[in-house]
Every structure is written in C-alpha cells, then in structure tokens.
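All of the numbers you see were taken from the coordinates with simple rules; none came from a lab. Note that the structure is predicted; figures quoted are calculated from it, not measured. With ideal geometry, Cβ positions are generated from the backbone for all residues, glycine too; neighbour counts draw on all protein chains shown.
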2 protein chains.
Amino acid sequence: MIPAEQTSDNPNFERFQTICRDAGLKLTPQRLEIYNELAVARDHPSAEDIFHRVRRRMPTIALDTVYRTLTTFESIGAIARVDVADDRARFDAELGPHHHCVCARCRSIKDFQWETFDILGMPKETSAWGRLMDKQVVLRGVCRDCLRKEADSEG
Amino acid sequence: MIPAEQTSDNPNFERFQTICRDAGLKLTPQRLEIYNELAVARDHPSAEDIFHRVRRRMPTIALDTVYRTLTTFESIGAIARVDVADDRARFDAELGPHHHCVCARCRSIKDFQWETFDILGMPKETSAWGRLMDKQVVLRGVCRDCLRKEADSEG
DNA sequence: TTCCGATTTAAGAATCATTCTGAATCAGGC
DNA sequence: GCCTGATTCAGAATGATTCTTAAATCGGAA
C-alpha cells in the first residue's frame, strides 16, 4: 500500500499504476520510487545511480532491490535498457521515439528529437531481416563538458 | 616477428601493419590473428567469441591477450566497441558509415547501409551538444531466426 | 478483517566478464 | 648479435550483477 504522500503531486504515478496493474505486479513504495527516479532522470542512469537517488527518500532500500526491480520493469516492457557500450547497465523510462547523443569520453547520453528522420519510415535495405519494431539514431562525439575539460587541461 | 605464412594471402595484413606502425605498436602474431578474426567477422563478436576463433590457429593464446589487444586496438581507433546492451562487450572492425539491426531476443547484430539517411547530415537539434563525429541508425526488432524459433515452439 | 502469495531486507555468497600481476619471451632498433 | 622496452602467458583479483536463505512485512482479493 503506497502512502498518499508518495502519490500526491506525482505525475508519474498514473503511468506506474497502469504498468504494474497490467502486468499483475503489486504496487509497492519501492517500485514507485525506482520508477519515479528513472522517469525524471534525463541522464540514463545506471542501477547504482538510481540506488543512490532513491536512497535519499528511502534509506533502507537494498541495492539488490533496485537491480531486481529494474529487471522486472524491463521484462514487462515498462522501461528499456540503453544500447550503449558501458561497464554498467544503463536505463531509460522514455519509450517513445527519441534519439541519443553519446559522448565517447564520459559515456553521457543526451536525448533529442529529429522529425526529419522520424518520417523516413524503415529502410528497404532491411526488409528481409525480420520484424522491425523501432528505429533510433545514435550520434557519437565528444560532449561540450568534456571538450571544455580537455581545453582546460591544455590551456 | 610475424611468420610469412601469416601474412601471405591475408588481405587484412596491410591495414593491420599500417594501424600498428602509425600507433607505434609492435607487430605480433597474436595481434594479427585477433585483428584478422575481427576483420572477417560479420557478427560483431564478443571477446570470447574472438578468443575461440583465434585459438583454432593459435592454441596457446590467452584470453587476457584477446581482451587486452582489443582494448588496445580500440584505444588507437583501429576498431570500435559496439553500442549494444549485452552482458559482454561486442566489437566491430568496420569503422565506415553503416548501420545496425539488433535482435531483441538473441542480441545478434546485422549491418546494413542506408544512403537515404547518410545524406541527411547532422540534425540541427543537436548543434549545441558538443563535437559530433558520427551518426548511426539502430533498428530494433526480432530477427528472422528468432521469429522462426518462436513460430516453431508455438506450432 | 483475514489470509496468503508477493516482495523486501540483510547478509553473505556466487557468477562471470574483464583486468591485474609477475615472470618469461619477443620485436625491432642499433 | 645485443639489448631493452613491449608483449604474452598463467594464475589471481576485481567488481557489476544476481543468487540464496530466512525472516519479516506487505498488497490486495475475498
């Protein structure tokens, strides 16, 4: 049973409730906090990032619970694991069409929209591959922060 | 010192030699075998995949050597680590523009070209992000093999 | 309100992809 | 051929992630 102060003023509660209900999962305060932290994150956090953030409002939560809950959410399609080469798993609550800028230095990931691309449809070059469900652009380079750091260490 | 039978008939030797020379790396038989197996691979293999393939011609090679060498090659820009959510690191010797179809089931990755996309340039939506160097499309879905397996297990 | 399967926690252990360490060997410049 | 720093190998270590156990608590249907 989730206490009222966790749900009032929480724009993500409705979606969380629908997701769990549809999947036959119980609504627990831990699940809500984890879902919420991921939903408000702009930075595609790792499990440990989420753990540290959730712990501020829920100091007794276990790291194992975070990992286990993220895996459960992923398996029901509520969140996505981000396709990026990083030592740690990264997660994303945004499931709609969007794209990523990935920094080669710090592995930070920034979302962006690109309508010019979205209207292209699927390439005919891949028509024999299997069942395509979604397409995303990944831009790679070095983010402004890392560029600034590199300039600073050379200046 | 690389024996002649490793270099004759090897179309990838020239590129391998250039890469190592330019980076000030010694040419070793192990490095050549690892480079070559990755260069001929169509499937974006993991370190362990490469290890098993190299071991057929070089039974004494160590798994650590494969990992270390792949990391070295990556750090000099000779190969790329593939951005995909997989428990193991995946690698790619193809550095030119190309795109990936990723299977949600088996994590297999298939290359394809898409000229319609390549000519788009970079999106103006990301112009403030930092220094962009390259762009790739990732298509996600279920590959033909997995679709066939799923149909078989239901039929 | 009761009941029962689901979930969490704590604590510790296990797994496994990957990296480290130290001794031996090697590539290549001179 | 000599020499020296680079590289490899064998074995050990690391750390993100998952498992185990057992007890306690909880969500939610009836």
Failed item, numbered, when A:His98 is tested on (1) in contact with a helix residue (DSSP H, G or I) (Cβ under 8 Å, 6 or more places away or on another chain); (2) over 20 Å from B:Asp86 (Cβ atoms)
(1)
When only residues in segment A:109-125 that are closer than 20 Å to A:Arg144 by Cα and surrounded by fewer than 16 Cβ atoms within 10 Å (Cβ to Cβ) count, which is farthest from DNA strand C (Cβ to nearest atom)?
A:Gln113
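Under the condition of being farther than 22 Å from B:Lys26 by Cβ and either loosely packed, with under 14 Cβ neighbours inside 10 Å or near DNA strand C (Cβ under 10 Å from one of its atoms) (or both), which residue from segment B:60-94 is nearest to the other protein chains (Cβ to nearest Cβ)? Give the steps one after another, and end with the answer.
First pass over segment B:60-94, keeping only residues farther than 22 Å from B:Lys26 by Cβ: B:80-90, B:92, B:94.
If we keep only those that are either loosely packed, with under 14 Cβ neighbours inside 10 Å or near DNA strand C (Cβ under 10 Å from one of its atoms) (or both) too, we end up with B:81, B:86-90.
Details: B:Arg81: 4, B:Asp86: 9, B:Asp87: 9, B:Arg88: 11, B:Ala89: 7, B:Arg90: 8 Å.
Residue satisfying both the conditions and the ranking: B:Arg81.
Going through A:Ala23, A:Ala39, A:Ala62 one at a time, which residue ends up being within 9 Å of DNA strand D (Cβ to nearest atom) and among the small types (Gly, Ala, Ser)? Quick ask: steps written out before the conclusion?
Working: A:Ala23 fails: within 9 Å of DNA strand D (Cβ to nearest atom); A:Ala39 fails: within 9 Å of DNA strand D (Cβ to nearest atom).
Being within 9 Å of DNA strand D (Cβ to nearest atom) and among the small types (Gly, Ala, Ser) holds for just one of A:Ala23, A:Ala39, A:Ala62, which is A:Ala62.
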Looking at B:Arg90, B:Arg107, which one is over 21 Å from B:Tyr35 (Cα atoms) and within 16 Å of DNA strand D (Cβ to nearest atom)?
B:Arg107
Which is touching a residue at least 24 places away in the same chain (Cβ under 8 Å) and touching a strand residue (DSSP E or B) at 6+ places or on another chain (Cβ under 9 Å), of B:Ala85, B:Ala93?
B:Ala93
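Any residue at all in segment A:19-38 that is of a type in the set (A, V, I, L, M) and either touching a Pro at 6+ places or on another chain (Cβ under 6 Å) or under 21 Å from A:Cys106 (Cα atoms) (or both)? Don't jump to the end; show me each part of the working.
Step one: list which residues in segment A:19-38 are of a type in the set (A, V, I, L, M), which gives A:19, A:23, A:25, A:27, A:32, A:34, A:38.
Within this subset, residues satisfying the condition of being either touching a Pro at 6+ places or on another chain (Cβ under 6 Å) or under 21 Å from A:Cys106 (Cα atoms) (or both) are A:38.
Yes, segment A:19-38 contains at least one residue that is of a type in the set (A, V, I, L, M) and either touching a Pro at 6+ places or on another chain (Cβ under 6 Å) or under 21 Å from A:Cys106 (Cα atoms) (or both).
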Verdict on B:Cys146 being more than 30 Å from B:Gly24 (Cα to Cα) and either facing chain A (nearest Cβ under 7 Å) or assigned to a helix (DSSP H, G or I) (or both)
yes
Reported set for segment B:95-105 where residues are part of a loop (DSSP other than H, G, I, E, B) and within 9 Å of another protein chain (Cβ to nearest Cβ) is B:Ala104
In segment B:106-142, what residues are among the charged types (D, E, K, R) and either more than 7 Å from chain A (Cβ to nearest Cβ) or in a strand (DSSP E or B) (or both)?
B:Arg107, B:Lys110, B:Asp111, B:Glu115, B:Asp118, B:Lys124, B:Arg131, B:Asp134, B:Lys135, B:Arg140
